[in-house]
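Worksheet for the structure shown next.
The values are calculated or read from the model by the stated rules, or taken from the named source; none is laboratory data. Fair warning: this is a prediction, and the values are worked out from it, not measured in the lab. All Cβ positions, even for glycine, are placed from backbone atoms using ideal geometry, and neighbour counts span all protein chains on display. Side chains are part of the model used for accessible areas, which takes the heavy atoms of the whole protein and leaves out ligands, DNA and RNA. Shrake-Rupley method; radii C 1.70, N 1.55, O 1.52, S 1.80 Å.
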Amino acid sequence: MLKINNLHVSIEGKQIIKGLSLSINKGEVHALMGPNGSGKSTLSYVLSGKEGYEIEEGTIEYNGKNLLDLEVDERANAGLFLAFQYPMEIPGVQTSFFLKTAINSKRKFLGMPEIDALEFAKLIKSQAEDLGIGSEMLKRDLNVNYSGGEKKKQEILQMSILKPDMAILDETDSGLDIDALRIVSEGVNKLRSEQNSFLVITHYQRLLNYIKPDFVHIIADGRIVKSGDFSLALELEEKGYEDISKTA
Amino acid sequence: MSTAVKLDMMPSKDISDYAEKVLLNNPFENFKIENYKYAQLHKSITSNVSLDEFKADLSSISSVKNIKLSDTSDIDLLSDLNKWNFNNADSYFRVNSILERSSKKIDLDLFREEIVCLDLSLFKENIHLLKASDSPKTLMINNSNLSEDCARSIILNLSENAKLNIIHYNISNSKSFLYFEINQQNNSNIKFLSFQSNNIHTRNEFFASLEENCSLDLYGLNIHNYGVNDNYSFIQHMKPSSQSREVFKSIVKSGAITNFQGKIYVDSIAQKTDGYQMSRSLILDNESKANNKPELEIYADDVKCSHGSTVSKLNQDQVYYFKSRGIDEEQAIKILQKAFLVETLEAIENTQIKEYSYSLLDSRL
Ligand SMILES: Nc1ncnc2c1ncn2[C@@H]1O[C@H](COP(=O)(O)OP(=O)(O)OP(=O)(O)O)[C@@H](O)[C@H]1O
Ligand SMILES: [Mg+2]
């Protein structure tokens, strides 16, 4: 599904990703862990197509296509989704309107007619309820004055209704209380299937207890220094990054 | 060649002397005064710009009473030229309009309809409006498709306890220069929105004088004009406990210039005044420009007055967020423009007019 090979990325002349390779197959859940500033968010931005990043070397293949040829919205419509570490606030745009516009963009891409009002209302209500997002929340401006945890839930709501093939979750667990962490994890597990893949970026094993990853990777200074299964996350919790990197 | 007329002292200076000099010539030539700094009145802006096919079709708003010539009567504003009760202020437009045009009076209380429409293309005169009762609720001012060489006054006197909503469609004019004067007696309320688009050279002046316990909400929506489009406001609080709220939003592109200059004046006896003024501009390209100049002049000590202004470009991180959810750039930019302006349209009370204004905006994004 996603194949990153020897990726080198720089921002304003500063190299951040330094030869990163990672393959994610259909139906797999990969966790990416690593110290602050190691390049996790940078990788997720590059995958989603944000401007300002220079790809100096390497390739990214998505469903057999060159991902780097696609615009940000084309990548999204091709099934790629990034839940942001810091979701943007959009004053003046009602949350439910934003969700509807996003759904309709996807439907347009798929050659489907716009979603009818009733169907949309039903879809949004059930998905929001599952995540403990009240209907008054959907009437508010997108992410404006949302608490940290509410913003993260909003990202998962967007993911739930867009049903991406490949979802990247950038520290979605940070800032969530214990109940929210469980609810968000359930949201992810509900979408999880043999058709969908996940790249879950996190600092904590806690999340991974709920979302059992198939693989765990450790990134340091722009490259993956160690890969393993779930037990690597446990080992990491015990030893910390320094020791793990040494044994790499 | 005419000699330059110094207008700094207007209108307290001898008006007739001024009139003689100015009216012989193009009224906007040789013209210099602080409050008109950005308006570029002396320049011919219209020559190399053509307007878009964008029209305000107010006929889709039903049950509107159109004001006819027979609803008006003559009034002499000239004899009052030297009487003007705005403090430390100038309006060249007022003087120019009164000297250049005759004037008509309209008593709004005579209409029983919810909405009355004043179509400026049907009149050449200045308009003096009176209102004392609750109906009509809304006055629509259709200020479209004009090309005018001198200013025009629209004066509104609101009696005690009277209320009025005003929507000013300032659309597709190549030249339009208006002086609004609003005199509010105790306990009167006004909500005013000026919707401005597809104009080449315009200036709207909003002078308002508030007595006790009044409210004035003044909104400006200015999107995709050409040339130079100027808004000037002067709100004076003359008695205690009144509230004024101004929000001007503009979006500029294609090398246009949009200006907002506004002052809140609070008299020494106007305690408990609550004044708010915000002007915000969104610039979509590198060729366009916005000037914002807010001012306060306060002589009372127990007042709440605030003002602010911003000039910004489209937030690319927000555009990216939309795109990351599959929404294409063009649509994202449209939605963000609308989001920027929406506060002004939300102020409209009449649902028909609100819906029409939204559709007008949608067709202009
Ligand atoms: N726009 C930028 N300009 C300059 N440096 C940047 C920019 N964006 C990121 N960086 C730098 O790139 C490095 C990697 O940042 P990134 O956000 O990818 O880290 P991260 O692994 O996500 O960290 P965290 O765990 O704290 O979220 C950091 O040193 C950061 O300061
Ligand atoms: Mg990060």
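At a glance:
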{"item": "Volume of the Cα convex hull of the stretch A:1-124, divided per residue and given in Å³", "result": "143 Å³"}
{"item": "Degrees, to the nearest 10: A:148-162 long Cα axis against longest axis of chain A", "result": "80 degrees"}
{"item": "The stretch A:132-248, Cα convex hull volume normalised per residue, Å³", "result": "121 Å³"}
{"item": "Per-residue SASA entry for residue A:223, accessible area with 1.4 Å probe, Å² rounded to 10", "result": "100 Å²"}
{"item": "Burial of 50 Å² or greater, the stretch A:41-84 residues [accessible area, probe 1.4 Å, versus chain by itself]", "result": "A:50, A:72, A:73, A:84"}
{"item": "Accessible surface buried upon A-B contact (total; probe 1.4 Å; Å², nearest 100)", "result": "1900 Å²"}
{"item": "Accessible area of the stretch A:185-248 divided out per residue, in Å², using a probe of 1.4 angstrom", "result": "50 Å²"}
{"item": "Residues in the stretch A:78-97 that a label on residue A:117 would reach, taking backbone N under 16 Å of a point 7 Å out along Cα→Cβ", "result": "A:96-97"}
{"item": "Straight-distance crosslink candidates among aspartates and glutamates, where the alpha carbon sits under 17 Å from residue A:122 and sequence neighbours closer than 8 are dropped", "result": "A:114, A:130, A:136"}
{"item": "Cα centroid of the stretch A:13-47 to Cα centroid of the stretch A:141-209, whole Å", "result": "17 Å"}
{"item": "Translational diffusion of chain A, µm² s⁻¹ [Kirkwood Rh, Cα pairs; Stokes-Einstein; 20 °C; 1.002 mPa s]", "result": "115 µm²/s"}
{"item": "Mean Cα-pair separation over length for chain A, i.e. relative contact order, pairs under 8 Å, 6 or more apart, %", "result": "28 percent"}
{"item": "Whole-Å distance, taken between Cα centres, linking the stretch B:122-189 and the stretch A:88-112", "result": "40 Å"}
{"item": "Surface per residue (accessible, 1.4 Å probe) for the stretch B:7-315, Å²", "result": "39 Å²"}
{"item": "Over chain B: helical MRE at 222 nm, DSSP H runs n ≥ 4 each giving -39500 (n - 2.57), nearest 500", "result": "-4500 deg cm²/dmol"}
{"item": "Inter-part distance where the stretch B:248-276 and the stretch B:191-237 are each reduced to a Cα centre, Å", "result": "8 Å"}
{"item": "Distance cut-off 40 Å, percentage of C-alpha pairs in the protein assembly as shown lying past it", "result": "42 percent"}
{"item": "Cross-link reach list, aspartates and glutamates versus residue B:304, counting only Cα pairs under 12 Å and skipping chain neighbours closer than eight places", "result": "B:274"}
{"item": "With every protein chain in place, the stretch B:7-315: carbon and sulfur % of accessible area (1.4 Å)", "result": "45 percent"}
{"item": "With eigenvalues of the C-alpha gyration tensor scaled by 5 and rooted, chain B, Å", "result": "30, 24, 23"}
